[in-house]
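To start, the structure under review is shown below, and the notes come after it.
The values are calculated or read from the model by the stated rules, or taken from the named source; none is laboratory data. Values in this document were obtained by computation on a predicted structure and should not be read as measured data. All Cβ positions, even for glycine, are placed from backbone atoms using ideal geometry, and neighbour counts span all protein chains on display. Just the protein is used for accessible areas: all its heavy atoms, side chains included, with ligands, DNA and RNA removed. Shrake-Rupley method; radii C 1.70, N 1.55, O 1.52, S 1.80 Å.
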Amino acid sequence: MTAGTDEGRLRTEADESGWEVDPDDEWGLAVVATVGRQLRLRREAMGMRAAQFAEAVGYGEDMIYKIEGGKRIPRPEFLDRADQLLGAGGLLSAMKEDVEKVRYPKNVRDLAKLEAKAVELLSYGSHALHGLLQTEGFARALLMTRRPAPPEDQLKQALAARMARKAIYERSPAPELSFVLEETTLRRPVGGRMVWRRQLEHLLEVGQLRNLEIQVMPMDRWDHPGTGGRIQVLKFGDGTAVGRTDDEFNGRPVHDPRDLRILELRYGIVRAEALTARESQAFVEQLLGET
């Protein structure tokens, strides 16, 4: 891609929504403020005025002040272009990784951090597949059902954040992952027939992993404690854990061993009522054959 094309794209993207900093995200605010300060110091050291820099990089002067003031998340392309113009030797480009994380919602970042540290994950989902099991097409289709409909850039941001969590599969040693899925979530053709089929195929693929177990809860089995909603527990190497359920503790994460014991008790019963992993594999294969 030529420099002219880059600049043209920057100009059209500069004022898009979805690049504002969440005022409640302290870490995000600090990252963007640091990047903005480095940009300003580099620009001033070069003896370049904001208007000159704006013209060279392809942004409006007001947008440059917003970025330097930590009020706007800079795009990766902007940081690369600024790095070249200001002779930063890769310093500004190196900040892209942290800046990219700022774009992910704080609650998603927090969840990804917890999953990255977990040695065991227990998850029962009553109405949707767990994000770690979703294909990109399936996840996108689900995100598109949100109302009000999110702008395309926010949709891409949420999708990227969800897919980034799959790094958990690459960890070594691998964490133990247990999922109980309601039959109805497997029968719902999210995204249309082809997206749905690919999702079922993906479940069969990840079900072959030695550290991952998928079980299906048939619709005719209702007498279990999962009827109140999802149940999730993450366990960590130091013996601590965090969990949550929809129908208790106001849906908030809990850390107290007494509360966690309740969640583990419920999950154990749910798991016992569900089909075994082998039976579940056969169930998904049969369902795939019917689609």
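For the chain, what is the relative contact order in percent, using Cα pairs closer than 8 Å and at least 6 residues apart in sequence?
Once normalised by length, the contact order is 17 percent.
Once phi is turned into θ = phi - 60°, what whole-Hz ³J(HN,Hα) does the Karplus curve with 6.51, -1.76 and 1.60 give for every residue of the range 151-159, x standing for Gly and Pro?
For the range 151-159, the Karplus curve yields x, 4, 5, 5, 5, 5, 4, 5, 5 Hz.
Looking at the range 196-291, which trypsin sites (Lys or Arg not before Pro) are in a loop (DSSP not H, G, I, E or B) and have at most 16 other Cβ atoms within 10 Å?
Sparse-neighbourhood loop trypsin sites (Lys or Arg not before Pro): ARG210, ARG221.
Probe radius 1.4 Å, ligands and nucleic acids ignored: give me the carbon and sulfur share of the accessible area of the chain as a rounded percent.
51
If the chain were replaced by its equivalent ellipsoid, with semi-axes equal to the square roots of 5 times the Cα gyration tensor eigenvalues, what would those be, largest first, whole Å?
Its equivalent ellipsoid spans semi-axes of 44, 22, 16 Å.
In whole Å, what three semi-axes, largest first, describe the equivalent ellipsoid of the range 189-265 built from its Cα gyration tensor (square root of 5 times each eigenvalue)?
Values for the range 189-265, descending: 28, 18, 12 Å.
Just by accessible area at a 1.4 angstrom probe, what is the order of THR240, THR227, THR184, THR135 from largest to smallest?
Of THR240, THR227, THR184, THR135, the descending order of accessible area is THR227, THR240, THR184, THR135.
Just want the answer: with Cβ charges of +1 for Lys and Arg and -1 for Asp and Glu, which residue in HIS202, LEU212, LEU181 is farthest toward the dipole's positive end in the range 172-223?
Result: HIS202, furthest along the dipole toward the positive end.
Just the number, please: percent antiparallel of the DSSP beta bridges in the chain, rounded to the nearest 5.
55
Amide H to amide H under 5 Å from GLU120: which residues, 5+ apart in sequence or cross-chain, H placed 1.01 Å off N in plane?
GLU176, LYS235
How large is the helix-only mean residue ellipticity at 222 nm for the chain, computed as the sum of -39500 (n - 2.57) over DSSP H runs with n ≥ 4, divided by its residue count, in deg cm²/dmol to the nearest 500?
That calculation yields -15500 deg cm²/dmol at 222 nm.
Any idea of the accessible area per residue across the chain, 1.4 Å probe, to the nearest Å²?
I get 53 Å² per residue for this part.
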